[in-house]
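Only one structure is covered here, and it is reproduced in the block below.
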Amino acid sequence: MDFLLNINVRRIIHLLSVFFIVITQYAPTNCDTIALCCYLIGVLLTLKYIHTNKNVLYFILIGLIALSTLVRETACLNIAFFAAVLFSVKELKEGNYQFIWKIIPLVIAFLVPYLGLRAVMNHEHTTFVEGVYISKNFSSPFNLAGLLFAVIVLYFIYKLCVNEESRTVFKKYLFFSLPYLAMITLVGLFWEVRLFLPLILTGIIMASHQFKNTRQ
């Protein structure tokens, strides 16, 4: 833990994160870079919120999700990260549903602009889905290689987590990210490893962050 918390090691991990962003951008895609920036700001707002409990940060996060949804569906992962940090099975069993009430505004902030875009866009000139590629993802060696790359990277990041608390949050994050992963499987291509980039960067953040105020 002391090794990962060393300032120089953290700088190396930061550099590695930037390197991941660069090598996975196989083509200039401004929407990916902007969406990634918005997503990481959302992660920062969530971390600030759980450590300070300032409601203003929560409301800014809602606005950020609504805005970044206009750029790319990556915004839904901000909901997954927020849920992973706050979700607690123990509290649900005790009848504490505050977590659910906090998630609902985030879901609405994502669905309203996303569905609104689909309703107002001219479908003759634009498309939200280029095709269904689930068969190609599990038959093409290139796509299987991309999936293997993502699994290996996420596994090693999980092993780097500084404590059990970080591992627990990481596992919950992957669980709440299942809708995003399902979307990648259906309409994305695994060889485009940039699609896994938000998960990888989030894992790197979790690996060295101490979630002192999170729920188990």
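Some observations on this one:
- Within region 52-104, the set of residues being of a type in the set (Lys, Arg) and without any contact (Cβ under 8 Å) to a residue 12 or more places away in the chain comprises Lys54, Lys93.
- A residue that is among the charged types (D, E, K, R) and within 17 Å of Cys38 (Cα to Cα) occurs somewhere in region 192-200.
- Members of region 177-195 that are open to solvent by less than 50 Å² (accessible area, probe 1.4 Å) and in contact (Cβ under 8 Å) with a residue 60 or more places away in the chain: Ser177, Tyr180, Glu192, Val193, Arg194
- Every residue from region 154-179 that is of a type in the set (S, T, N, Q) and assigned to a helix (DSSP H, G or I): Ser166, Thr168
- Region 54-153 holds helices (runs of 4 or more DSSP H) entirely within its bounds, and those carrying 3 or more residues that are closer than 22 Å to Val169 by Cβ and open to solvent by less than 40 Å² (accessible area, probe 1.4 Å) map to 55-69, 76-86, 98-120.
- Residues satisfying the stated conditions in region 155-176, i.e. of a type in the set (A, V, I, L, M), at pLDDT 90 or above and open to solvent by 30 Å² or more (accessible area, probe 1.4 Å): Leu174
The values are calculated or read from the model by the stated rules, or taken from the named source; none is laboratory data. What you see is a predicted model; the values in this text were computed from it and never measured. All Cβ positions, glycine included, derive from the backbone under ideal geometry; neighbour counts span all protein chains shown. We work out accessible area using only protein heavy atoms, side chains counted, and drop any ligands, DNA or RNA first. Shrake-Rupley method; radii C 1.70, N 1.55, O 1.52, S 1.80 Å.
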